Every structure is written in structure tokens, then in C-alpha cells.
Amino acid sequence: MDNSKNPIISFIVACYNLPAGMLAECIDSILELPLQRKEREIILIDDGSRESPVRELAGRMDEITYIRQENKGLSAARNTGISMATGQYIQFVDGDDMLIKRGYEKCLGLARSNEYDAILFVPTSNLKTKGKKRPAIRCASGEAYMANNNLHAAAWGYLFRKSILGGLLFTPGTLHEDEEFTPQLLLRAANICVTGATAYFYRQRPHSITHNTSKRNIIKRLNDTERIINHLAQISKSTEALAKQAMERRVAQLTMDYIYNTIKLARSASQLEKRLKRLEKNGLFPLPDRRYTAKYTLFRAMLCSRPVRKLLMKLLG
């Protein structure tokens, strides 16, 4: 299919009860990129905010496709954006974040080359601090990258070709939805580039859901992560060779993080042991004896001893 007349990039921006000025900064950071109007598509999904941001975005609305829907969460908002996107590539941008023009220009150049299925870049939470310069890494495939590198799960860290999605969507109502989406996305990417460019500014907001320390939220976060781990583990069983190796590494790393968060957030020895037993039943604990990173190797060894797990509980609790 000839998509040469389609926009190069569809920017899918999700927002929910954000300060108007913050959302305007986000939209402006996209408009400031060196893209002609016909080369970009900005899809703003208002996920049921108490008040529509349209008035505050006056002067920008001609550049935006605005959709207001019932509050269903970030996953559903992004799925709506995916269904509407006509661009050759998709870029997710959270409404409280911004793209960094200088770094993102490198991503645009790679997208214009039409050579890569996915382009990875570096995020920062401090615009005043220059990110470390990192060399570009070109891999034959997403699975090759995953098999040999730790994965940055945030979906906004990837500019990717829409056609590789197939039927892949986010699971509605799930916390940490990117942990499930991104590994599957990269398995679909035949060729990728890690630019080393600092291209995305994400805000660390104290009232975000990841900072919600209520018991109910913590349990949901842990339960959702456990479901995602089991889902990815099932996918790994149905793949072969390098793809299997890649997904097994991601499952092991995610399981390590899940156990760490259970210790740190649940602060319950009985909760930890119950969750470890469920992991063991599914063949996910003890963690695989792999030397992925020094941190992984050390943490795996510590988890094998119940007395050491109790000590970790005291140290991290």
C-alpha cells in the first residue's frame, strides 16, 4: 500500500486532569519540531478530564485532532489514538511531558530514511542537565536488542512504524501497561536503532499513580505486574531461538523488579512468600541462573536464601 501521502508521524497525546499550561507546553513541543503540517498528525485524547482543555489550547486546535472520551485509563486512551492514527510512525507523548527538539531531530532524520521499524532514544527528567552522550547502536532486530540489553519499558521511549503493530494494543485497566506492550512491540521490529539522543522530557509528578502508596494501589500494581509476567512467559514458550532468549531475559528482569517491589512496597513477609510460591509454581522462581547484569546476579543469589530475604525486608522496608 502506498502511504507516501500519509503523515510521517502520528503523535498520540493522552491527558487526564492536567494543568492547562502543562498540556500547552506538550503540544507546543511537537509543533516546534521541523515537520510540515502534512508530515505530522497530533491526536489528543482527553480521557474524561473534569474540564475540557479546548479553551486553554486556543490557537492550537487547528493543528490537533481532539477526542474526548469517558475516563477509561491510559491504555484505553492510547488504543483510541492507535485506531485513529494514519501516520507511517507512531509516537506516544504523555500530556505532562515534552519532546526535546534538538534530540528529537535525530529521530526525525531516521524516520525520514524509512529504514527502521523502531527508533529508541534517551529520556531525561531534568531539562537543565545535559544528558550523557551515548553512541548510536544499530541492531538487526528488536529481539537481538532485547536479548543483549536491559529494556526501557516506557512506550514513549520508542518511535515505531505503525505497520508492525498488527493487532497489538494495550490492556485496558492495567497499571504498568508498558511492561506488557513494549517487549511485544520490539519482537515485531525487524530492525531498530538506538540513537543515543536525549529526546524526551518526562516530569516526575508527586501525585502520579506510581507515587500512590495506598495499600489498594500497591496490591493492584503487584497483581497487574504478576499477570504481565505470566503473559510474557507464555509468549516466550511459543517463540523460538533468539526471540525466546530475548523474552526470557525480559521476563527474568521484570520478575526481579516485581520481587524487589513486593519487598519494598508490601512490607509483608507472608505476602512475599505467597507471591514467590506462585512464581515457583509457574516456573519463574528461583530466577534463572543467567549473568544478565551484576545487579541481577547478586539479587538472584540473595533471594535463594529465606534468611537473606528476611534481612532484605528489614533493610528495604
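The values are calculated or read from the model by the stated rules, or taken from the named source; none is laboratory data. Keep in mind that what you see is a predicted model, and the values were worked out from it rather than measured. Note: ideal-geometry Cβ built from the backbone for every residue, glycine included; neighbour counts use all protein chains shown. Accessible surface is based on the protein model in full, side chains and every heavy atom, while ligands, DNA and RNA are left aside. Shrake-Rupley method; radii C 1.70, N 1.55, O 1.52, S 1.80 Å.
What to note about this one:
- Criterion: in a helix (DSSP H, G or I), modelled with pLDDT of 95 or more and farther than 30 Å from Glu273 by Cβ - qualifying residue of Leu222, Leu168, Leu242: Leu242
- Residue match in the stretch 59-82 (condition: touching a residue at least 12 places away in the same chain (Cβ under 8 Å), part of a helix (DSSP H, G or I), farther than 26 Å from Ile164 by Cα and of a type outside the set (A, V, I, L, M, F, W, C)): yes
- Selection count where residues are open to solvent by less than 60 Å² (accessible area, probe 1.4 Å), out of contact with any Gly (no Cβ under 8 Å at 6 or more places or on another chain) and part of a helix (DSSP H, G or I), scope the stretch 20-58: 10
- No other residue among Gln91, Gln69 is polar (S, T, N, Q), under 16 Å from Pro34 (Cα atoms) and in contact with a strand residue (DSSP E or B) (Cβ under 9 Å, 6 or more places away or on another chain) apart from Gln91.
- Against the criterion of being at pLDDT below 95 and either under 18 Å from Ala154 (Cα atoms) or aromatic (Phe, Trp, Tyr) (or both), Gly103 qualifies.
- Hits in the stretch 164-188 - residues which are within 28 Å of Gly109 (Cβ to Cβ), free of Cβ contacts under 8 Å to residues at least 40 places away in the same chain and not β-branched (Val, Ile, Thr): Gly166, Leu168, Asp178, Phe181
- Residues located in the stretch 1-19, provided they are over 20 Å from Asn71 (Cα atoms), surrounded by fewer than 22 Cβ atoms within 10 Å (Cβ to Cβ) and among the polar types (S, T, N, Q): Asn3, Ser4, Asn6
- Against the list (1) in a helix (DSSP H, G or I); (2) open to solvent by less than 50 Å² (accessible area, probe 1.4 Å); (3) modelled with pLDDT of 95 or more; (4) in contact with a strand residue (DSSP E or B) (Cβ under 8 Å, 6 or more places away or on another chain), the condition Leu110 fails is (3).
- Residue that is surrounded by the most Cβ atoms within 10 Å (Cβ to Cβ), among those in the stretch 63-81 that are over 15 Å from the mean Cα position of the chain (by Cα) and of a type in the set (A, V, I, L, M): Ile64
- Those residues of the stretch 254-310 which are in contact with a Lys or Arg (Cβ under 9 Å, 6 or more places away or on another chain), surrounded by fewer than 16 Cβ atoms within 10 Å (Cβ to Cβ) and assigned to a helix (DSSP H, G or I), in sequence order: Ala269, Glu273, Thr297, Met302
- Considering only residues in the stretch 171-191 that are of a type in the set (Val, Ile, Thr) and part of a loop (DSSP other than H, G, I, E, B), the one that is farthest from Ile218 (Cα to Cα) turns out to be Thr171.
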